[in-house]
1. Mind telling me which of the residues 133, 115 ends up being touching a strand residue (DSSP E or B) at 6+ places or on another chain (Cβ under 6 Å), part of a loop (DSSP other than H, G, I, E, B) and surrounded by 12 or more Cβ atoms within 10 Å (Cβ to Cβ)?
2. Whether any residue in region 118-127 is touching a residue at least 12 places away in the same chain (Cβ under 8 Å), touching a helix residue (DSSP H, G or I) at 6+ places or on another chain (Cβ under 8 Å) and not in a strand (DSSP E or B) is what I want to check.
3. With respect to residue 70, determine if the residue is within 16 Å of residue 153 (Cα to Cα) and surrounded by fewer than 17 Cβ atoms within 10 Å (Cβ to Cβ).
4. Go through region 96-112 residue by residue and tally those that are over 18 Å from residue 20 (Cα atoms) and either modelled with pLDDT of 90 or more or assigned to a strand (DSSP E or B) (or both).
5. Just one of (1) buried (at least 16 other Cβ atoms within 10 Å of the Cβ); (2) closer than 19 Å to residue 143 by Cα; (3) touching a strand residue (DSSP E or B) at 6+ places or on another chain (Cβ under 8 Å) trips up residue 91, so point out which.
6. Just checking, does region 39-56 include any residue being at pLDDT 85 or above, more than 25 Å from residue 132 (Cβ to Cβ) and part of a loop (DSSP other than H, G, I, E, B)?
7. Among the residues of region 74-82, are any surrounded by fewer than 19 Cβ atoms within 10 Å (Cβ to Cβ) and within 14 Å of the chain's Cα centre (by Cα)?
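The values are calculated or read from the model by the stated rules, or taken from the named source; none is laboratory data. Values in this document were obtained by computation on a predicted structure and should not be read as measured data. Cβ placement follows ideal geometry from the backbone for every residue including glycine, while neighbour counts extend to all protein chains displayed.
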């Protein structure tokens, strides 16, 4: 450690990842175009940094990752660590996160509408057809109330 007043930086293990956006560092994997309603912010805490957005009813936010990835096997696993939490637990209408993987031929869509107060790991297996681009679309329907999406790792 060169400076005793700073926290150590540990290198991440990239041997099993073609695309890694964890703790939302400023590396190329994490760069994305953000548009829609609300404002994305980076939250820093002891459990790790994450991207967060709060939306009201009928609002939508989109995150398009700029970097594509090119798996080299017939199947690849997309792992997400996130939470979708309503500010009012009495609401029964759920907000939805669509994860889209576009490989130049078709778009595969994963729909996540689980509500949780803690970060949850989601894993999906996809067939490989070529270079793939990822995007997220978060939508809060009428009746859901204010809802927060937190994304820790992709």
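1. Exactly one of 133, 115 is touching a strand residue (DSSP E or B) at 6+ places or on another chain (Cβ under 6 Å), part of a loop (DSSP other than H, G, I, E, B) and surrounded by 12 or more Cβ atoms within 10 Å (Cβ to Cβ), namely 115.
2. No, that holds for no residue.
3. Taking the combined requirement at face value, the residue does not satisfy it.
4. Number satisfying all stated conditions: 9.
5. Just one mismatch for residue 91, condition (3).
6. Checked region 39-56: at least one residue is at pLDDT 85 or above, more than 25 Å from residue 132 (Cβ to Cβ) and part of a loop (DSSP other than H, G, I, E, B).
7. Yes, that holds for at least one residue.
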